[in-house]
Amino acid sequence: MATEHKIKKAWYARWWAIVLYVFIGLIILGAIFGGNNPSSSSQNGNQNTGTDITQQPTQTTYSIGDSIKAGDFTWKITKVSTSSQIGEDVYGTFFGEKADGVFVILDVEVSNTGNSAKYLMDSFVKLVDEQNREFSPSTSAAIYLKPDGSALMFEQINPGITKKGKIVYDVPQGLKVANLRISSNLLESNVYNVKLEI
């Protein structure tokens, strides 16, 4: 009888252990697969969609004459022109540069809105076409701009000062430029959509 009692006691202990394991297993399965019901997935989808919408950057399209804030600098494109060459002819000798394609010349105003002097470079502004090709300034052509000193290349600007100048790009003929990529320094850049008619 004692042996039979021990067997029954051991069987009951195992039975409760099995029930406990099955119960815990059901809880775990419910936690894993419970998020896949339609209401949960629709809620999660709505939450994800809302998050994606808020994380998308808003893009503003600027026009000639609009102010564009980039770091401690505020840029304004005041004029766009083109030329096949930059320089002058002196007694039959041309001093300057001829474009491989066409020179796009931007007249700009840039203000230091920060609290300290900042270095400004023409390479802070690059042209980006519809094919996402990026064009850097042609400093060698800009030095021949008239009047002398109008090229915006490399200089230090104190806070509260506005500098006017020109930036030159040598681009393929017929290029339709839509965007400017303006950097506040050499380490970061943003794309500002500026409608340029060339």
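The values are calculated or read from the model by the stated rules, or taken from the named source; none is laboratory data. Note that the structure is predicted; figures quoted are calculated from it, not measured. Positions of Cβ are generated from backbone atoms using ideal geometry, with glycine treated the same way; all protein chains shown enter the neighbour counts.
Is it fair to say THR78 is modelled with pLDDT under 90, out of contact with any His (no Cβ under 7 Å at 6 or more places or on another chain) and under 24 Å from ASN179 (Cβ atoms)?
It is false that THR78 is modelled with pLDDT under 90, out of contact with any His (no Cβ under 7 Å at 6 or more places or on another chain) and under 24 Å from ASN179 (Cβ atoms).
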* **Condition broken by SER116, with the remaining ones in (1) farther than 23 Å from GLN85 by Cα; (2) in contact with a strand residue (DSSP E or B) (Cβ under 9 Å, 6 or more places away or on another chain) satisfied** => (2)
* Structure fact -> With the first residue restricted to region 166-177 and required to be in contact (Cβ under 8 Å) with a residue 24 or more places away in the chain and within 12 Å of ILE143 (Cα to Cα), and the second required to be assigned to a loop (DSSP other than H, G, I, E, B) and of a type in the set (A, V, I, L, M, F, W, C), Cβ contacts under 9 Å at 6 or more apart or on different chains are LYS166/LEU145; LYS166/LEU152; ILE167/LEU152; ILE167/MET153; VAL168/LEU145
* Selection within region 85-127 - surrounded by 12 or more Cβ atoms within 10 Å (Cβ to Cβ) and of a type in the set (S, T, N, Q) -> GLN85, SER111, ASN112, THR113, SER123
* Structure fact -> In region 128-144, anything surrounded by fewer than 21 Cβ atoms within 10 Å (Cβ to Cβ) and either without any contact (Cβ under 8 Å) to a residue 40 or more places away in the chain or of a type outside the set (S, T, N, Q) (or both) is listed as VAL128, ASP129, GLU130, GLN131, ASN132, ARG133, GLU134, PHE135, SER136, THR139, ILE143, TYR144
